[in-house]
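Comments concern the structure below.
The values are calculated or read from the model by the stated rules, or taken from the named source; none is laboratory data. Everything numeric here is computed off the predicted structure, so don't read it as measured data. No Cβ is skipped: glycine too gets one built from the backbone with ideal geometry, and neighbour counts run over all protein chains shown. Areas reflect the complete protein model, heavy atoms only, side chains present, ligands, DNA and RNA absent. Shrake-Rupley method; radii C 1.70, N 1.55, O 1.52, S 1.80 Å.
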Amino acid sequence: MQGEILSLLREKKTYVSGQQLCEQFGVSRTAVWKAIEQLRKEGYQIRAVQNKGYILVEDKQEEHFNGAELASRMDTRWAAKKLFFYDTIDSTNTEAKRLGEEGAPDGTLVVADMQTAGKGRRGRGWISPAHTNVYFTLLLRPRFAPDKAAMLTLVIAHSMCRAVEEVTGLEAGIKWPNDIVVSGKKICGILTEMSVELNEIKYVVIGVGINVREQEFPEELREKAIALDTACGTRVDRTRLITAIMKAFEEDYEKFLQTVSLEGLQSSYEKRMVNCGKEVCVLDPKGEYRGIARGINETGELLVELPDGTIREVYAGEVSVRGIYGYV
Ligand code: BTN
């Protein structure tokens, strides 16, 4: 309800009486008062004047990053309608899986300001300091076969690319399969995990970490990582970023579900691919080889043209692809 009160006060821009809030949300005056107190604790300036009601005094410079703010600005039909926000959590992926086990619905979103045990791919960690970045995990309960789930990582990469462009005005690209690249450097990581029972998907969790505030990266990342603030020279609003990603994902996922393939997103994905038409080195455990990246197929495999003109389909799970002259 805090999110709903916040969006109502923001929309009205004038005094809203306690009575009106009670009626609108079907709750008692005490419940309204408690929600207002909670919002104040989160740092919102809400003035109360007798016989007039409540008014929100906004400071546009201040970043509010909390559950009420996210809920009040979420412009989706089903994604993130159920939303959990934590100041600190071990890992949003781990929490989303716990919620998945407890029956949380399709589209549940878990967001944290800080993670104490953030997880990266290949068993690595994901450094997750407070007040700096975006860490979220989306829980889905798709009905398709488990072997299709790997494509979801490409779907969300496409949505993130669109959202980053919309929010920052920067040109964003995708380095297949799921790195979002701005100014030639990586701004995020995606970790998709799945629970399967009797060969059916119980749930999938898609975890996203985005570098937002300017920061010192660990030595091994310094060359290839960048924060969005650094890339665009202004402070990026984390709530706006998350809400834009959710809106874009809702659209992209619905397109994906129509054929349970990337058919509907393929050309848009390829247009954004930074390594399309470039020479790449495929780090296949069976042997490294080079070729020209030509695009993706409907299942999200990378099409690599070999020197003899044949096309090889590269599955993301098995290999990594590097640019010949650097990260991209
Ligand atoms: C990678 O190694 O590139 C993937 C990193 C994914 C990090 C995100 S942060 C939010 C979510 N929770 C986690 O523990 N990991 C993912």
Q. In region 117-124, is there at least one residue being within 16 Å of the ligand (Cβ to nearest atom), at negative phi, out of contact with any strand residue (DSSP E or B) (no Cβ under 7 Å at 6 or more places or on another chain) and touching a residue at least 60 places away in the same chain (Cβ under 8 Å)?
A. no
Q) Quick check: anything in region 103-114 within 18 Å of Glu254 (Cα to Cα), assigned to a loop (DSSP other than H, G, I, E, B) and open to solvent by less than 10 Å² (accessible area, probe 1.4 Å)? A) yes
Q) Which one of these does Lys13 not meet: (1) in contact with a Phe, Trp or Tyr (Cβ under 6 Å, 6 or more places away or on another chain); (2) open to solvent by 50 Å² or more (accessible area, probe 1.4 Å)? A) (1)
Q: Please enumerate the residues belonging to region 81-98 that are in a helix (DSSP H, G or I) and within 11 Å of the ligand (Cβ to nearest atom).
A: Thr92, Asn93, Thr94, Glu95, Ala96, Lys97
Q) Among the residues of region 32-47, is any in contact with a strand residue (DSSP E or B) (Cβ under 9 Å, 6 or more places away or on another chain), among the small types (Gly, Ala, Ser) and surrounded by 13 or more Cβ atoms within 10 Å (Cβ to Cβ)? A) no
Q. Of a type in the set (D, E, K, R) and in contact (Cβ under 8 Å) with a residue 40 or more places away in the chain - does that describe any residue in region 262-271?
A. no
Q: Give just the number: which of (1) among the aromatic types (Phe, Trp, Tyr); (2) away from the ligand (no atom under 16 Å from the Cβ); (3) free of Cβ contacts under 8 Å to residues at least 60 places away in the same chain does Trp78 not satisfy?
A: (3)
Q. Within the group Val280, Val328, which residue is assigned to a loop (DSSP other than H, G, I, E, B), modelled with pLDDT under 95 and either within 21 Å of Ala172 (Cα to Cα) or more than 22 Å from the chain's Cα centre (by Cα) (or both)?
A. Val328
**Q.** Complete set of residues in region 87-102 that are more than 28 Å from Asn199 (Cβ to Cβ), surrounded by 13 or more Cβ atoms within 10 Å (Cβ to Cβ) and either touching a residue at least 60 places away in the same chain (Cβ under 8 Å) or charged (D, E, K, R) (or both)
**A.** Asp90
Q | Residue identified as out of contact with any Ser or Thr (no Cβ under 8 Å at 6 or more places or on another chain) and open to solvent by 60 Å² or more (accessible area, probe 1.4 Å) among Glu288, Glu301 | A | Glu288
Q) Does Lys119 qualify as being within 20 Å of Ser91 (Cα to Cα) and of a type in the set (Lys, Arg)? A) yes
Q. What tally of residues in region 158-186 results from selecting those that are among the aliphatic types (A, V, I, L, M), touching a strand residue (DSSP E or B) at 6+ places or on another chain (Cβ under 6 Å), touching a residue at least 60 places away in the same chain (Cβ under 8 Å) and crowded, with 20+ Cβ neighbours inside 10 Å?
A. 5
Q | Any hit, region 242-263, residues being charged (D, E, K, R) and modelled with pLDDT under 95 | A | no
(Q) Looking at region 243-253, can you tell me whether even one residue there is in a strand (DSSP E or B), surrounded by 15 or more Cβ atoms within 10 Å (Cβ to Cβ) and within 15 Å of the ligand (Cβ to nearest atom)? (A) no
